[in-house]
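First up is the structure itself, then whatever we jot down about it.
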Amino acid sequence: MVSLRESSVGTERQVITELPGPKSRALQARRAHVVSAGVTNGFTIYIDRAEGAILVDVDGNHILDLGSGIAVTGIGHAVPELVEAVSRQVAAFTHTCFMVTPYESYVEVCEELAALTPGSHAKASALFNSGAEAVENAVKIARHATGRPAVIVFDHAYHGRTNLTMALTAKNMPYKDGFGPFAGEVYRVPMSYPFLDGLTGAEAAQRAIHQIELQVGARNVAAVLIEPIQGEGGFIVPADGFLPALSAWTTQHGVVFIADEIQSGFGRTGEWFAVDHEGVIPDIVTTAKGLAGGMPLAGVTGRAELMNSVHEGGLGGTYGGNPVAAVAALAALRVMRERNLVQRARELESILFDSLNALARDVNIIGDVRGRGAMVAIELVEPGTKTPNAAAAKGVVQYCNDHGVIALACGTYGNVIRLLPPLIITDEQLADGLGVLAEAVRSVS
Ligand SMILES: *Cc1c(COP(=O)(O)O)cnc(C)c1O
């Protein structure tokens, strides 16, 4: 039996040194000699252990985590069920390569993905290590199944940092600058961004479809690839009707509709998947982040006829669906069900909106409060305008971090503060974090 470490973390934020503390600063100096400058840190505190929604750094500070490692540890840190499942699996075997000799947990994860992703049609999955790898494979499969080349993506999209996914990602700096040439046959069309474009979902969909038909031609399109709620691009929730209209167009033209649910999936938005809010049934869903409680695992789940159209051996990878990551996913999904975390995300949504809307009435730099479930953001603007205010966002993140709260910025214009708390966060912890965030926003107003 695995023995679990006694809890020594507690549930409260507690800052006992300046942040970053002396030990973190020493580690940061050490890292400068050996870690590429291309890899940066949002917050240079070095973590020693973590539990629930609290990270403990090497100086003993207890930090409140409102980022979940970018929507990964939705079930919280060091969840006993996950620790036990992973520990047992490490002791049993860590790797065989599924393509060499298979094991049950891979199959079980694919059964779970078939059951949880939208639609009751026959589905098949393939497992990978990262979100980018899942997106690349979804595009490979769509091209193979349709025999067509073009992939449609959207303004503000983020799909990863590999060569193909850089091409799919919208923002130049820091993701693409100087890293080209990029993969071809990728076409970008306008997203629905209600705060800035004021269009209905139907109007925004018509604008995108018109551009696809004019510039690409439906019969050349393999896939429309979209984040149902954009993550890095600024937590942009498209206007109602936008996703259903796009999905209907893809069905009509034999185009594969790929929903990139890597950030928005697994209960984060108050449904298992963000497309569930509008009853949209994608042909392929890509998943990663929240899937395996922090172990690297990603999935491509799609209509069986699409997924099985690929020739034998056409998909795979050495580590994809690694057994330790697979049992972690099974444990994480059990925890999500047992603790009703999808429902909990809806409760968090109402706490977040109440608090942030009240704050937005009080200050003049919050242009928009938006999101679903526990995926909620504020868009910061120059007072009384819609002009992006990236300096304010930077100041807010700095203030939060200085006070032991992890808050993340995002957005094409760098002016959005996104909250992605672990779904197990307590009401008291969330109130504490929102209190610091409110002080932060007031401090830069
Ligand atoms: C994070 C993310 C990716 C890339 O995932 P990695 O695991 O970092 O490769 C792709 N799509 C979306 C929507 C993401 O949020």
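Taking a 25 Å limit on the Cα-Cα distance, which of the listed pairs LYS176/LYS394; LYS171/LYS289; LYS171/LYS386; LYS171/LYS394; LYS23/LYS289 fall beyond it? Show your work: numbers first, answer last.
On the way: LYS176/LYS394 22 Å; LYS171/LYS289 20 Å; LYS171/LYS386 20 Å; LYS171/LYS394 18 Å; LYS23/LYS289 29 Å.
Check vs 25 Å cut-off fails for LYS23/LYS289.
Expressed as a whole percentage, what fraction of the accessible surface of the chain belongs to carbon and sulfur atoms when a 1.4 Å probe is rolled over the protein heavy atoms? Walk me through the intermediate numbers first.
Working: 9500 of 18150 Å².
C and S atoms contribute 52 percent here.
In 10 Å bins starting at zero, report the fraction of Cα pairs in region 83-338 per bin as a rounded %.
7, 32, 36, 19, 5, 1
Heavy atoms only, 1.4 Å probe, whole protein assembly: order PHE235, PHE93 by accessible area, highest first.
Reading off the accessible areas and sorting them downward yields PHE93, PHE235.
Picking from VAL324, VAL237, VAL363, which is most flexible by a Gaussian network model of the chain using Cα springs under 10 Å?
Sorting by GNM fluctuation, first place goes to VAL363.
Can you sort ARG161, ARG49, ARG337 by solvent-accessible area, 1.4 Å probe, largest first?
Output order, biggest surface exposure first: ARG161, ARG337, ARG49.
Helix-only estimate, please: 222 nm mean residue ellipticity of the chain, summing -39500 (n - 2.57) across DSSP H runs of length 4 or more and dividing by its residues, to the nearest 500. Working shown, then result.
On the way: 14 runs with 168 residues, N = 445.
Calculated from helices alone, the mean residue ellipticity at 222 nm is -11500 deg cm²/dmol.
Residue by residue, what Karplus-based ³J(HN,Hα) values in Hz, rounded to whole numbers, does region 134-142 have, using 6.51, -1.76 and 1.60 with θ = phi - 60° and x for Gly and Pro?
5, 5, 4, 5, 4, 5, 4, 5, 4
Sort MET99, MET191 from largest to smallest accessible area, using a 1.4 Å probe on the heavy atoms of the protein chains. Please report the intermediate quantities before stating the final value.
Values: MET99 115, MET191 5 Å².
Ranked list, largest accessible area first: MET99, MET191.
Between LYS23 and TYR187, with labels modelled 7 Å along Cα→Cβ, what's the label distance in nm to one decimal, could you check?
Output for this residue pair reads 5.6 nm.
Assign one of three labels to region 194-266, namely rounded, prolate or oblate, based on the Cα gyration tensor with a ≥ b ≥ c the square roots of its eigenvalues; rounded applies when a/c is under 1.5, prolate when it is not and a/b is larger than b/c, and oblate otherwise. Write out the running numbers ahead of the final one.
Details: a/c = 1.99, a/b = 1.28, b/c = 1.55.
Oblate is the answer for region 194-266, as a/c is 1.5 or above yet b/c matches or exceeds a/b.
Which of CYS400, CYS97, CYS110 ends up with the largest GNM mean-square fluctuation for the chain, with Cα atoms connected below 10 Å?
Evaluated over the chain, the most mobile residue of the options is CYS97.
Choose one answer from THR385, THR165, THR250: the residue with the largest mean-square fluctuation in a GNM of the chain with alpha-carbon springs under 10 Å.
THR385
Report the calculated FRET efficiency for ARG88 and HIS144 (r = Cβ-Cβ distance, R0 = 41 Å), to the nearest 0.05. Display every interim value, and only then the final one.
On the way: r = 37 Å, r/R0 = 0.91.
Once the sixth-power term is evaluated, E becomes 0.65.
Can you tell me, using C-alpha contacts under 8 Å and at least 6 residues apart, the relative contact order of region 316-436 as a whole percent?
Result for region 316-436 is 20 percent.
Starting from the 7 Å offset along Cα-to-Cβ, what nm value, one decimal, do you get for the label separation of SER350 and HIS210?
Result: 4.1 nm between the two label points.
Run the simple label-point estimate for THR11 and ASN172 please: 7 Å along Cα→C-beta, distance reported in nm.
The modelled label-to-label distance comes out at 4.9 nm.
How large is the Kirkwood hydrodynamic radius of the chain, in angstrom, based on all distinct alpha carbon pairs? Show your work: numbers first, answer last.
Numbers: mean 1/r = 0.0445 Å⁻¹.
For the chain, the Kirkwood estimate is 22.5 Å.
The values are calculated or read from the model by the stated rules, or taken from the named source; none is laboratory data. Owing to the predicted nature of the structure, the values given are computational and were not obtained by experimental measurement. Note that we place each Cβ from the backbone using ideal geometry, even for glycine, and neighbour counts take in every protein chain shown. Protein only, heavy atoms only, side chains kept; ligands, DNA and RNA dropped before computing areas. Shrake-Rupley method; radii C 1.70, N 1.55, O 1.52, S 1.80 Å.
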